[in-house]
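These notes are about the structure you will find just below.
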Amino acid sequence: MRRSLGVRRSALAVAAVAVSFSMSLAVTGCAGGGGRDRDDHLTVDDAKSETMTIERSVVASFPEAEVVSVDQAPTGVLLSCSDDTYQWTGRVTVQLDGTSERAAFVGRFDEASHLVTPASASRCFALREGENSYDRY
């Protein structure tokens with residue numbers, strides 16, 4: 001019975017990570033068609049805040065005991081979705097204390113350094129007056 005509970009908990013943990021990752025895919029625009037998914041009400045600051053929140057939720061899906069450190073970049077760059085829309089792209093790096101079955105579900109995992117780097121980007125949005133796609137936000 002004890003082994004069965006452990007397997008069930010592992011399956012639930014993997015499912016939770018998969019849900020978190022699916023949510024991050026939706027935010028990265030991988031679920032849609034670039035400029036067609038443009039959000040006219042989304043600002044650069046909103047896009048950044050939304051994406052960083054999802055990055056933190058992905059990090060939170062790892063058990064605290066497995067996480068050695070987390071480095072979330074305070075700024076990111078804009079990538080083009082179409083001729084007139086952009087995505088804010090962030091970066092978070094998680095160092096684990098060893099190999100984790102969850103790592104492969106959330107991002108690139110370097111087994112030598114135990115670093116997980118999930119990819120993240122916001123929904124597509126248009127820049128406002130005075131904003132430049134070459135700036136860091």
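The values are calculated or read from the model by the stated rules, or taken from the named source; none is laboratory data. Bear in mind that the values here come from a model prediction, so they are computed numbers and not experimental data. Reconstructed Cβ throughout: ideal geometry from the backbone, glycine too, with neighbour counts over all protein chains shown.
Data for the structure
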quantity	calculated
Residue in the range 45-58 that is buried (at least 17 other Cβ atoms within 10 Å of the Cβ), assigned to a loop (DSSP other than H, G, I, E, B) and on the phi < 0 side of the Ramachandran plot present	no
Verdict on Thr28 being crowded, with 16+ Cβ neighbours inside 10 Å, out of contact with any Cys (no Cβ under 8 Å at 6 or more places or on another chain) and modelled with pLDDT under 70	yes
Filter result (touching a residue at least 40 places away in the same chain (Cβ under 8 Å), surrounded by 14 or more Cβ atoms within 10 Å (Cβ to Cβ) and out of contact with any Leu (no Cβ under 8 Å at 6 or more places or on another chain)) within the range 60-77	Ser61, Gly76, Val77
Qualifying residue in the range 118-137 (condition: at pLDDT 95 or above, farther than 28 Å from Asp39 by Cβ and either hydroxyl-bearing (Ser, Thr, Tyr) or touching a His at 6+ places or on another chain (Cβ under 8 Å) (or both))	no
Which numbered condition Gln87 fails, given (1) within 20 Å of Glu50 (Cα to Cα); (2) at pLDDT below 95; (3) touching a Phe, Trp or Tyr at 6+ places or on another chain (Cβ under 9 Å)	(2)
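Okay, residues lined up against (1) more than 14 Å from Pro118 (Cα to Cα); (2) β-branched (Val, Ile, Thr); (3) touching a strand residue (DSSP E or B) at 6+ places or on another chain (Cβ under 6 Å):
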position	(1), (2), (3)
Asp39	yes, no, yes
Thr43	yes, yes, no
Ala47	yes, no, yes
Glu50	yes, no, no
Ser57	no, no, no
Pro74	yes, no, no
Leu78	yes, no, yes
